[in-house]
Every structure is written in C-alpha cells, then in structure tokens.
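Reviewing the structure listed below.
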Amino acid sequence: MPAPTPAPSTEEIREIVAGQLHLEGPLLPIFHALQETYAHVPEVALPVIADALNITRAEVHGVMSFYHDFREVPSGRHVVKICRAEACQAVGADALAARTLEKLGTQWHGTTANGAVTIEPVYCLGLCACGPAAMVGNKVVGRVDDAKMAKLLAEVGA
C-alpha cells in the first residue's frame with residue numbers, strides 16, 4: 001500500500017479555493033480542484049470553502065454528498081466502476097460485481113490492499129445495449145464478462 005500522504009494544510013487549501021473564486025458558481029470547480037490535488041476532498045477543506053463562499057458548512061457538505069464522484073477519502077490509483085442499472089443487471093452485472101469484489105477483497109467504495117483500485121457502483125454508463133458495462137478511469141467498456149474484467153484489472157495492477 002502506498003505511504004500515507006500528509007494532511008493538507010489550511011493554507012494550501014485556501015490557495016486552491018482562492019484560485020477558483022473568480023468563476024461563476026465556484027463550488028463544484030473548488031471540489032474538482034481539491035480532488036485533483038488530493039485524490040479526495042479533505043474534511044478540513046469544508047469550513048474553508050464555507051467561509052470563502054459565505055455559506056454554511058452544512059450546505060458545502062450537502063452539495064458534496066449529492067455528487068457521488070466527490071470522495072471523502074482518497075481513491076486508489078485507478079477507479080473501476082461497474083454499472084448497477086437495470087439493463088446491466090438483466091445481463092449479469094450483479095454476479096459480475098460480486099465476483100469482482102470478491103477477487104479484489106473489498107466492498108463497494110473500497111480500495112484494494114495495494115492501493116491500485118477503488119471499486120464503485122455507477123447507475124448507468126449509457127451502454128444499456130452492451131451490458132454489463134464498466135468504466136476504468138475514463139474508458140467505458142461494454143459486454144464485460146469475467147475474462148474481460150480480469151484483463152481490465154490486470155491493466156491497472158489489481
């Protein structure tokens with residue numbers, strides 16, 4: 001597993017937040033910038049964001065928790081998403097997901113022990129006619145079976 005990174009300082013976070021304040025509706029760009037920098041949105045950032053935008057910490061948390069792509073803890077080096085929508089379920093996504101989670105030794109939103117992969121559910125990748133579908137990083141893949149999933153996981157070091 002990779003060595004833990006030190007917690008970001010409030011000053012570092014303030015710099016990142018300040019760099020987005022010129023944008024109209026800067027909250028989501030702030031989240032994106034923080035997650036790009038730290039692989040998650042650190043808890044210590046929430047009051048800094050709230051103060052900078054003159055909104056409550058609850059409002060900041062509410063927006064962050066609404067969007068499933070923002071993380072409270074760092075992800076693995078690669079994120080693998082498996083579609084959980086009905087069309088993919090109808091062609092075996094649930095069984096594929098169960099076998100994949102077992103193979104990786106983790107649960108949904110968990111990260112493998114070597115830090116290579118975080119696995120997440122997603123509720124439609126737009127490949128309904130080609131299910132089960134998965135996404136590795138920004139690459140969407142259709143008709144995923146055990147062999148194709150094994151190949152995808154091998155490519156990302158799982």
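The values are calculated or read from the model by the stated rules, or taken from the named source; none is laboratory data. None of the values given here were measured: they were computed from a predicted structure. Virtual Cβ from ideal backbone geometry, glycine too; neighbours counted across all protein chains shown.
Can you find a residue that is under 22 Å from Glu11 (Cβ atoms) and in contact (Cβ under 8 Å) with a residue 60 or more places away in the chain anywhere in the stretch 44-56?
no
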Exercise for the section: Among what's in the stretch 86-112 and is surrounded by 20 or more Cβ atoms within 10 Å (Cβ to Cβ) and among the aliphatic types (A, V, I, L, M), pick the residue that is nearest to Asp146 (Cα to Cα). Expected result: Leu96
Fill in the blank from the handout: From the option list Gly92, Gly110, Gly76, single residue qualifying as among the small types (Gly, Ala, Ser) and without any contact (Cβ under 8 Å) to a residue 24 or more places away in the chain is Gly110
Exercise for the section: Determine whether the stretch 126-143 contains at least one residue that is under 30 Å from His61 (Cβ atoms) and touching a residue at least 60 places away in the same chain (Cβ under 8 Å). Expected result: no
Practice task
Report yes if some residue within the stretch 74-93 is touching a His at 6+ places or on another chain (Cβ under 8 Å) and among the charged types (D, E, K, R); otherwise report no.
Solution key: no
Exercise for the section: List the helices (runs of 4 or more DSSP H) that sit entirely inside the stretch 1-100 and contain at least 1 residues that are over 30 Å from Glu155 (Cβ atoms) and not assigned by TED's automatic domain parsing to the domain that holds Leu127. Expected result: 10-18, 27-38, 45-53, 57-66
Fill in the blank from the handout: Within the stretch 111-158, residues being of a type in the set (Lys, Arg) and part of a strand (DSSP E or B) number 1
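The rows are residues; the columns are (1) surrounded by 14 or more Cβ atoms within 10 Å (Cβ to Cβ); (2) within 21 Å of Glu36 (Cα to Cα).
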| position | (1), (2) |
| --- | --- |
| Ile55 | yes, no |
| Met64 | yes, yes |
| His68 | no, yes |
| Arg84 | yes, no |
